[in-house]
Amino acid sequence: MTDVAPPGGADNPGAPRSAAQSVLMWEVRASEGRLAELIAYAREHADPSAQIYAASDPDRLVVIDPTGRGVPGVPGDLIARAPHEWTFTPVPGAARGLEF
């Protein structure tokens, strides 16, 4: 299992989640040339309800996971740095997004 930044959000992702914290955003940078392998690993190990997104500049992977698990046990050679995690809570009345 890889090291993660300290618990609870970007600064503390491993902190216990309250019932109000309903979605986890898990983000990591792939080792050079390993994005396809990292995507395959995430598809195999993330919860089936999770959404997986990739960007190729730089090679990053984002998992939006309503279970709060993220992607456990990522092999260290697939990633350039430890994953970052943030928890998000739904905003009441904002199903269509915020209006500014």
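Just so it is clear, none of the values below were taken in a lab; they were calculated from the coordinates. Bear in mind the structure is a predicted one, so any value in this text is a computation, not a measurement. In this analysis, Cβ positions are derived from the backbone assuming ideal geometry, glycine residues included, and neighbour counts consider all displayed protein chains.
Just to be sure before I move on: is A42 of a type in the set (G, A, S), within 18 Å of V23 (Cβ to Cβ) and touching a Gly at 6+ places or on another chain (Cβ under 9 Å) in the structure I sent?
Working: of a type in the set (G, A, S): yes; within 18 Å of V23 (Cβ to Cβ): yes; touching a Gly at 6+ places or on another chain (Cβ under 9 Å): no.
For A42, the condition - of a type in the set (G, A, S), within 18 Å of V23 (Cβ to Cβ) and touching a Gly at 6+ places or on another chain (Cβ under 9 Å) - is not met.
Within the bounds of the stretch 59-71, is there any residue that is part of a helix (DSSP H, G or I), at negative phi and in contact with a helix residue (DSSP H, G or I) (Cβ under 9 Å, 6 or more places away or on another chain)?
No; the residues of the stretch 59-71 include none that is part of a helix (DSSP H, G or I), at negative phi and in contact with a helix residue (DSSP H, G or I) (Cβ under 9 Å, 6 or more places away or on another chain).
Here A42 qualifies as under 20 Å from A82 (Cβ atoms), outside any loop (DSSP other than H, G, I, E, B) and either in contact with a strand residue (DSSP E or B) (Cβ under 6 Å, 6 or more places away or on another chain) or among the charged types (D, E, K, R) (or both). Filtering the stretch 36-57 to residues that are in contact with a helix residue (DSSP H, G or I) (Cβ under 9 Å, 6 or more places away or on another chain) and touching a residue at least 24 places away in the same chain (Cβ under 8 Å) leaves E37, L38, Y41.
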